[in-house]
Amino acid sequence: MRFAGVKELKHETMDILKESKKGDIIITAYGKPTAVLHYITEEDLADYLIENDPDFKMRIEEAFAEYKSRGGISADALIKKLEKRRGRKKV
């Protein structure tokens, strides 16, 4: 991981962007960290946008809370239940 000041970022943007393929770069302003430059591909962009969308996160949390309030079960419990059911069937 490397550090780059705002002034360096301004003057060497393309070089720093290329370097970000090797690892994250911490951008600093007046010696204090202000941002992280992280390389991302087009394929990763959709995942990144969804994972970092506060509205989407809130909707997922609300849906999960509603699911639990209506008697939903955890993924582990569901897997155990399905394994039990599979064990009882005779083929």
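Readers should treat all values here as calculations from the given coordinates under stated rules, not as data from a laboratory. Owing to the predicted nature of the structure, the values given are computational and were not obtained by experimental measurement. FYI the Cβ positions are ideal-geometry reconstructions off the backbone, even for glycines, and counts take in every protein chain you see.
Here is a yes/no grid of residues against (1) aliphatic (A, V, I, L, M); (2) touching a Leu at 6+ places or on another chain (Cβ under 8 Å):
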position	(1), (2)
8	no, no
24	no, yes
36	yes, no
51	no, no
54	no, no
65	yes, no
72	no, no
78	yes, no
82	yes, no
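The single condition from (1) in a helix (DSSP H, G or I); (2) more than 17 Å from the chain's Cα centre (by Cα); (3) exposed (fewer than 11 other Cβ atoms within 10 Å of the Cβ) that residue 22 fails is (1).
Which residues, taken from the range 26-62, are surrounded by 11 or more Cβ atoms within 10 Å (Cβ to Cβ), assigned to a helix (DSSP H, G or I) and over 15 Å from the mean Cα position of the chain (by Cα)? Selection gives 59 alone.
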